[in-house]
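Accompanying notes for the structure given below.
The values are calculated or read from the model by the stated rules, or taken from the named source; none is laboratory data. From a predicted model like this one, the values you see are computed outputs, not experimental measurements. Because the Cβ atoms are built from the backbone with ideal geometry, glycine has one as well, and the counts that use them run over all protein chains shown. Calculation scope for accessible area: heavy atoms of the full protein, side chains included, ligands and nucleic acids excluded. Shrake-Rupley method; radii C 1.70, N 1.55, O 1.52, S 1.80 Å.
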Amino acid sequence: MKTFTPDSSIASDVIPSANYGDRPRGRQVDMIVLHYTGMPDVESAVARLCSPGTDVSAHYIVLEDGRIVQCVPEAKRAWHAGVSFWAGEEDVNSCSIGVEIVNSGHDWGYPDFPLRQIAAVIALCRGIMLRLKIPSRRVLAHSDVAPSRKKDPGEKFPWHSLANSGVGHWVQPAPIMHGETLKLGTISGNVESFQQALARYGYGVPVSGRYDSATMEVVTAFQRHFRPARVDGIADQSTLATLHSLLASLPGDGKAAAG
């Protein structure tokens, strides 16, 4: 790809990626997916996202010092989400903007995200949301749309700070306390109701009444995003209450998470 004019006024540089395609005709962007790079240094991350043959890219990279690099024009389809699902959508790449946040991730020590970097993410997302009319509830984690494969941006990512600036959906997590739990192997109507609630929010989860490994993966992803104080894949009372608060605070009383 030849160089291009950045879509965001706060992007400091353009490093064109070779890995992108056209969005389906008439397809509107209605989602932002946040990732971490998950590599030991920024040079390796940029090379992977921009070099031919890696089959991966993102629209933006947010560096640790707050600088923002654009790699794919927003009008094009970047290859960032992979096999993914959200609220009935099975082709997340076609309707989303991918933002890679430089962080070495869980495999390389998983450092905290610097405040300057988070401020840049907020400013970038606010601009994208305004330009493309993306609802706040459609700013998601890679782990939300691909819970069986991904952990990013992870439980250290300050979603509450983003929400305070109007980016992303958030409620105060319910406190962790002793009580009944739903966990791997449980079979009950309560499990089925819980799975239905997760699916109603947008997660791709089987609704079977059986707390299987796929359900545990979705619960783990949910906790990383919305109840990060304990990430164990067990649906305790805090997890259940936080999910119901999120649903209740959606437009239309949570009847539709999409759109």
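Laid out as a table, the results:
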{"item": "HN-Hα J in Hz across the range 71-81 - Karplus 6.51, -1.76, 1.60, θ = phi - 60°, x for Gly and Pro", "result": "10, 9, x, 4, 6, 9, 9, 7, 10, 10, 8"}
{"item": "Relative contact order (percent, whole number), the range 1-94, Cα cutoff 8 Å, 6+ residue spacing", "result": "33 percent"}
{"item": "Overall form of the range 37-162 per C-alpha gyration tensor (a/c, 1.5; a/b vs b/c)", "result": "rounded"}
{"item": "Cα-based reach from Lys76 at 26 Å (exclusive), listing lysines while leaving out same-chain residues under 8 positions away", "result": "Lys2, Lys133, Lys150, Lys151"}
{"item": "The chain: angle of helix 189-201 to the longest principal axis, Cα-based, in degrees nearest 10", "result": "20 degrees"}
{"item": "Nearest-10 value in Å² for the accessible area of Lys183, using the 1.4 Å probe", "result": "110 Å²"}
{"item": "Cα gyration tensor, the range 94-145 - rounded (a/c under 1.5), prolate or oblate", "result": "oblate"}
{"item": "Whether the range 164-259 is rounded, prolate or oblate, judged on the alpha carbon gyration tensor where a/c under 1.5 counts as rounded", "result": "oblate"}
{"item": "Taking the C-alpha atoms of the range 8-55, convex hull volume expressed per residue in Å³", "result": "126 Å³"}
{"item": "Among Ser245, Ser94, Ser57: highest mean-square fluctuation, GNM of the chain, C-alpha pairs under 10 Å", "result": "Ser245"}
{"item": "Listed values (1) 1.62; (2) 0.99; (3) 1.07, entry calculated as Cα Rg over 2.2 N^0.38 Å", "result": "(2)"}
{"item": "Most mobile of Glu64, Glu89, Glu180 in a GNM of the chain (Cα contacts under 10 Å)", "result": "Glu180"}
{"item": "Asp30 accessible area, assembled protein chains, probe 1.4 Å, Å²", "result": "40 Å²"}
{"item": "Mean separation of Cα contacts under 8 Å, 6 or more apart, over the residue count of the range 61-100: relative contact order %", "result": "36 percent"}
{"item": "Formal net charge of residues neighbouring Met31 (Cβ-Cβ distance under 13 Å; K, R +1; D, E -1)", "result": "0"}
{"item": "Relative contact order computed over the chain (Cα-Cα under 8 Å; 6+ residues apart), in percent", "result": "18 percent"}
{"item": "Spatial separation of Cα centroids for the range 71-98 and the range 17-46, in angstrom", "result": "8 Å"}
{"item": "Degrees, to the nearest 10: 213-226 long Cα axis against longest axis of the chain", "result": "70 degrees"}
{"item": "Per residue, in Å², the accessible surface of the range 18-75 once ligands and nucleic acids are set aside, probe 1.4 Å", "result": "42 Å²"}
{"item": "On Cα atoms only, tilt of 237-248 relative to the major axis of the chain in degrees", "result": "60 degrees"}
